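The values are calculated or read from the model by the stated rules, or taken from the named source; none is laboratory data. Just so we're clear, the structure is a prediction, and the values are computed from it rather than from any experiment. Every residue, glycine as well, gets a Cβ built from its backbone with ideal geometry; the counts of neighbours run over all protein chains shown.
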Amino acid sequence: MANRIRLGMVGGGNDAFIGGVHRIAARLDDRYELVAGALSSTPEKAQASGEALGLPRIYSDFKEMAIREARLKTGIEAVAIVTPNHVHYAAAREFLKRGIHVICDKPLTSTLADAKKLVKAAEASDALFVLTHNYTGYPMVRQARDMIAGGAIGKVRVVQVEYPQDWLTQDETFKQAEWRTDPARSGAGGSTGDIGTHAHNLARFVTGLEVESLAADLEAFVPGRPVDDNGHVLLRFHGGAKGMLWCSQVAPGNENALRIRVYGETGGLEWAQEDPNYLWHTPFGEPKRLITRNGVGAGDAATRMSRIPAGHPEGYFEAFANIYSEAAEAIIAHRNGTAVDSAVLYPTVMDGLRGVEFVDACVRSSARNAAWVKL
């Protein structure tokens, strides 16, 4: 297939949840072919994981992979980086400097210093950098963004965004929890880095507004946990809008309850990730209106993200795949030396920098008893 992109992967070996998600997302629209991987820092696991996937080329080190793939005539054109946060910078840098496009899991890096260096590396490279803030790929999120940009609710005044989970309510030692609560690998932010960055990115993406300053009250409720597991954050946006962000991994009864509500001078919008095919629009003084994915009232920005008719649910995998397909459009345009369609949207390295700046500001603010901090 002429438009299929040769893809490699760093991380995501056996039993790695997010690696499997990335592979499904890459394959859903048949835009990529996974041909190489350094799937683990443990050589034996890297080999076994690569063999299980039938990869033609298996590596035990991402630097070796970047060097060799760049030399091959049919080497990878893009790499998916799905490691713990502290590896993102070093891995992405190796591929960027060899002109290989990077599709990286969020957050961008574990430290603000690394995030700034990665921005410079991306700017110095001819390769594209895509960050998988997958919630921006939901059709009704695109619908909300389009409506706000088009003035459907007037000037934005209030933004309420939250992402509560409960899976870290008690001290857990399994792999996915263990590295996320280790500041050496996750970064200084716990819930703020893991899911707060998703909420922050969603607020920015939907409203088109940037956070100017914030006041954060972070807490580690589980005794001995070195990073936060709950955060309450007040937000001030450029242009005068105000907001609140809540992220928690110790909220029993919540699984992945990402939700955003935006209120403007003439109306409001509400969207919830656990019920993602619906967007509520309330013009002031009128009854609530339900807009459904691929249904009446859904615009082009939403329908181009959908694959099936209204009433058949689309969700997490499809939204993730939309980011990969948007990236594919940009990579193919780059390959052909043509301009990418203006409708194509994906999170960039700058969105990643904003996310790490958010975490850094939250940590600094909380250390100063929730003082206001500029980003």
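Select from region 39-66 the residues that are of a type in the set (A, V, I, L, M) and surrounded by 15 or more Cβ atoms within 10 Å (Cβ to Cβ) and write down the one among them that is farthest from the chain's Cα centre (by Cα).
From region 39-66, those of a type in the set (A, V, I, L, M) are 39, 46, 48, 52-53, 55, 58, 65-66; that's our starting set.
Imposing the further condition that a residue be surrounded by 15 or more Cβ atoms within 10 Å (Cβ to Cβ) reduces the set to 39, 46, 48, 53, 55, 58, 65-66.
Numbers: LEU39: 20, ALA46: 25, ALA48: 28, LEU53: 25, LEU55: 26, ILE58: 27, MET65: 25, ALA66: 23 Å.
Going through the qualifying residues, I end up with ALA48.
Are there helices (runs of 4 or more DSSP H) fully within region 267-375 with at least 1 residues that are assigned by TED's automatic domain parsing to the domain that holds ARG204 and under 24 Å from ASN201 (Cβ atoms)? List them. Outline the logic, then answer.
Values: elements: 300-303, 316-336, 349-367.
By residue number, 300-303, 349-367.
Residues that are within 23 Å of LYS97 (Cα to Cα) and touching an Asp or Glu at 6+ places or on another chain (Cβ under 6 Å): find the helices (runs of 4 or more DSSP H) completely inside region 1-82 holding 1 or more of those. Let's see the steps before the verdict.
Numbers: elements: 17-28, 43-53, 62-71.
In region 1-82, 62-71 are the helices (runs of 4 or more DSSP H) which contain 1 or more residues that are within 23 Å of LYS97 (Cα to Cα) and touching an Asp or Glu at 6+ places or on another chain (Cβ under 6 Å).
What about THR169, is it part of a loop (DSSP other than H, G, I, E, B), more than 18 Å from the chain's Cα centre (by Cα) and assigned by TED's automatic domain parsing to the domain that holds TRP246?
Values: part of a loop (DSSP other than H, G, I, E, B): yes; more than 18 Å from the chain's Cα centre (by Cα): yes; assigned by TED's automatic domain parsing to the domain that holds TRP246: yes.
Against the criterion (part of a loop (DSSP other than H, G, I, E, B), more than 18 Å from the chain's Cα centre (by Cα) and assigned by TED's automatic domain parsing to the domain that holds TRP246), THR169 qualifies.
Quick one: in region 17-38, of everything that is touching a Leu at 6+ places or on another chain (Cβ under 8 Å) and of a type in the set (A, V, I, L, M, F, W, C), which residue is surrounded by the most Cβ atoms within 10 Å (Cβ to Cβ)?
If we take residues in region 17-38 being touching a Leu at 6+ places or on another chain (Cβ under 8 Å) and of a type in the set (A, V, I, L, M, F, W, C), then ALA26 is surrounded by the most Cβ atoms within 10 Å (Cβ to Cβ).
Filter region 152-180 down to the residues that are buried (at least 18 other Cβ atoms within 10 Å of the Cβ) and modelled with pLDDT under 95 and list them by number.
Matches in region 152-180: ARG180 only.
Quick test of your reading of the structure: PHE17 fulfils all but one of (1) closer than 30 Å to GLY196 by Cβ; (2) modelled with pLDDT of 95 or more; (3) hydrophobic (A, V, I, L, M, F, W, C). Name the failing condition by number.
Single failed check for PHE17: (2).
Within region 89-97, does at least one residue satisfy the condition of being more than 23 Å from ARG335 (Cβ to Cβ), in the same structural domain as GLY19 (by TED's automatic domain parsing) and of a type in the set (Gly, Ala, Ser)? Outline the logic, then answer.
Here is the first cut: in region 89-97, the ones more than 23 Å from ARG335 (Cβ to Cβ) are 89-90.
Now restrict to residues that are in the same structural domain as GLY19 (by TED's automatic domain parsing): 89-90.
Then drop every residue that is not of a type in the set (Gly, Ala, Ser), which leaves 90.
Yes, because at least one residue in region 89-97 is more than 23 Å from ARG335 (Cβ to Cβ), in the same structural domain as GLY19 (by TED's automatic domain parsing) and of a type in the set (Gly, Ala, Ser).
Look through region 220-252, keep the residues that are of a type in the set (Phe, Trp, Tyr) and under 26 Å from ARG157 (Cβ atoms), and return whichever of them is nearest to the chain's Cα centre (by Cα). Talk me through it step by step, then tell me what you get.
We begin by selecting, within region 220-252, every residue of a type in the set (Phe, Trp, Tyr); these are 221, 237, 246.
Those left that are additionally under 26 Å from ARG157 (Cβ atoms): 237, 246.
Details: PHE237: 21, TRP246: 17 Å.
The extreme case among them is TRP246.
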